[in-house]
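Please read the structure below before turning to the comments.
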């Protein structure tokens, strides 16, 4: 993976992470359910994190 | 090296806050809608990913245990994906599938915090999960079978 692609991927993850924190805090503060769109963003974050954790296990074993 | 840095970056950047909340109203009442149920299990999975990553960083997940953890994570993710599909299709068996996903998630948390290498041995003889996994439910080996408590 070239450095530019890696940097872009890291920046995308950072943006997604911020978005998820905002969603979790907002829905909690408002005491409401997540919308379908908000849930989809959280699911995307979970997918990303799953892949990262599995990659970490494989790289370290 | 670059790949390792990227993986490390991903783990640092995807927030631990994913697993840090429940779906409740400000006065503490649980919201019981399909989206709320789905979100709660998603966040529990985020939490178990944090637990697995913490155990790996402590050096407790290497070799065969790391390989077993990967298999368990993939099984839990498959259960989660099945529940997601049911949620998307507004299927009537969503709650059942979410319970299955919860069980698979709890199994990962319990295994990675045990000292066993074999998951089957752990499932048959392992001790009850005693802490460090605030998932809202826990896996408890009982008479050779895994059950979970809320």
Being out of contact with any helix residue (DSSP H, G or I) (no Cβ under 6 Å at 6 or more places or on another chain), over 21 Å from residue B:87 (Cβ atoms) and within 7 Å of chain B (Cβ to nearest Cβ) is true for just one of A:9, A:55. Which residue is that?
A:9
Quick one: which residue in A:5, A:27 is within 30 Å of residue B:32 (Cα to Cα) and part of a helix (DSSP H, G or I)?
A:27
Report, by residue number, each residue of region B:91-150 that is loosely packed, with under 12 Cβ neighbours inside 10 Å, over 17 Å from the mean Cα position of the chain (by Cα) and modelled with pLDDT under 55.
B:142, B:143, B:144, B:145
Give region B:54-79 a look and list any residue that's more than 8 Å from chain A (Cβ to nearest Cβ) and under 30 Å from residue A:35 (Cβ atoms), or say none.
B:75, B:76, B:78, B:79
Restricting to region A:22-47, give me the number of residues that are at the interface with another protein chain (Cβ under 7 Å from one of its Cβ atoms), in contact (Cβ under 8 Å) with a residue 12 or more places away in the chain and surrounded by fewer than 20 Cβ atoms within 10 Å (Cβ to Cβ).
0
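The values are calculated or read from the model by the stated rules, or taken from the named source; none is laboratory data. Since the structure is predicted, the reported quantities are computational estimates derived from the model, not experimental observations. Note that we place each Cβ from the backbone using ideal geometry, even for glycine, and neighbour counts take in every protein chain shown.
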